[in-house]
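Readers should treat all values here as calculations from the given coordinates under stated rules, not as data from a laboratory. A quick note: this is a predicted structure, and the numbers were derived from the prediction, not measured. Here the Cβ positions follow ideal geometry from the backbone for every residue, glycine too, while neighbour counts run over all protein chains shown.
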Amino acid sequence: MKILLVLLTSFFATTLMGQNQPGKLILITSGQLSEYKTVKINDINFDLVQNSNHDTIYLQTMEPKFITKEGYHVGTLFTELPITIQQNLIRYPGWGYFYKLTSGWSIRFCEGSTCTNSYPTADSKIRWIFKRK
């Protein structure tokens, strides 16, 4: 049984991360783990995911000092958002609630252990700001 577990672990590590390429994984949708690196842009840390052609396919930050053109940042309260945003969040089971802004950035909330245990409330705050291709 232990040998089978080691073989399966080795197989999945190779499949997910590539041979001899240890890295960090990030959940970019409710069903997709991707390898990422952290980059600093204008003194703000972003998690960057690129495809095999080195095109950016996902970029996120959890730093409050990044502010979207609409004026939102990590930590903005749910009640500080316009009612149209509050009422139109999209739910991705196991990943969170999000809304795509006109600037192209999206705001994301995580509620409970699955990030979708309940709809955001007055006390909820933006946890991530991201762009996805």
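List of remarks:
- Residues whose placed amide H lies under 5 Å from that of S124, excluding near-sequence neighbours: F78
- Net charge of neighbours whose Cβ lies under 9 Å from the Cβ of W105, counting Lys and Arg as +1 and Asp and Glu as -1: +2
- Nearby lysines by direct alpha-carbon distance to K24 (threshold 21 angstrom, same-chain neighbours under 8 apart not counted): K37, K40, K131, K133
- Under 5 Å, built H, 5+ apart or other chain: amide partners of I129: T61
- With N as its number of residues, the stretch 24-132 has a Cα radius of gyration that, divided by 2.2 N^0.38 Å, comes to 1.04.
- Under 13 Å, Cβ to Cβ, from K125 - net charge with Lys/Arg +1 and Asp/Glu -1: -1
- Under-5 Å amide H pairs with G94, H placed in peptide plane, nonlocal only: T116
- Residues R91, R127, R108, arranged from fewest to most other Cβ atoms within 10 angstrom of their Cβ, appear as R91, R127, R108.
- Note that the stretch 124-133 has calculated 3J(HN,Hα) couplings of 5, 10, 4, 9, 9, 10, 8, 10, 10, 7 Hz, one per residue in order, obtained from phi through the Karplus relation 6.51 cos²θ - 1.76 cosθ + 1.60 (θ = phi - 60°); glycine and proline are x.
- A simple count of charges around C115, restricted to other residues whose Cβ falls under 14 Å of its Cβ and scoring Lys, Arg +1 and Asp, Glu -1, yields +3.
- In straight-distance terms, cross-link reach from K69 covers every one of the aspartates and glutamates whose alpha-carbon lies under 20 Å from its own, apart from those fewer than eight places away in the same chain; here that gives D43, D47, E80.
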